[in-house]
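Have a look at the structure below, then the notes.
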Amino acid sequence: MKNCNPRILVEEKHLHVLQCKTCKRIGLSFHNILISFSPNGFYTFSKSVIALDFDKVCIRQGNHTPFVILNSCHEDIQFNFSKEEFFQLKSGLAKAQLLLDAVSILNQ
């Protein structure tokens, strides 16, 4: 997305989702994570995160804060989110997906 013309889809305290108006790639910035997706890759990632129920998939270890681990598109890279972080991410992805769906409908 180096030479892209970004459209802001979601802009929150620690979460930004942008889409290039030219190449259509989507960038997700969440805390210290930066990921670039094809439109289909973003849809697949968003759909899978939105469908997760934190309480059913979280890991609880003794007195430690429960967390969830999400796989990335690289088998050696996973992301670890607390409940609050997970819901921030899930909410932001849902908002971005809703806007992308609306843009898609308007462009038909």
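Each value in this text was obtained by applying a stated rule to the coordinates, not by laboratory testing. Everything numeric here is computed off the predicted structure, so don't read it as measured data. For neighbour counting, all protein chains shown are included, and Cβ atoms are generated from backbone atoms with ideal geometry for every residue, glycine included.
Please verify whether residue 17 is surrounded by 13 or more Cβ atoms within 10 Å (Cβ to Cβ), over 19 Å from residue 69 (Cα atoms) and of a type in the set (A, V, I, L, M, F, W, C), treating the condition exactly as stated. Taking the combined requirement at face value, the residue satisfies it.
Here region 49-78 is the region considered, the condition is being part of a helix (DSSP H, G or I) and in contact (Cβ under 8 Å) with a residue 12 or more places away in the chain, and the residue that is surrounded by the fewest Cβ atoms within 10 Å (Cβ to Cβ) is 50. Just to be sure, is residue 62 among the small types (Gly, Ala, Ser) and either touching a Lys or Arg at 6+ places or on another chain (Cβ under 9 Å) or within 30 Å of residue 3 (Cβ to Cβ) (or both)? The answer is no for residue 62. For region 26-39, residues that are surrounded by 10 or more Cβ atoms within 10 Å (Cβ to Cβ) and either within 16 Å of residue 86 (Cβ to Cβ) or without any contact (Cβ under 8 Å) to a residue 24 or more places away in the chain (or both) total 9.
The number of residues in region 14-58 that are within 13 Å of residue 90 (Cβ to Cβ) and within 12 Å of the chain's Cα centre (by Cα) comes to 10.
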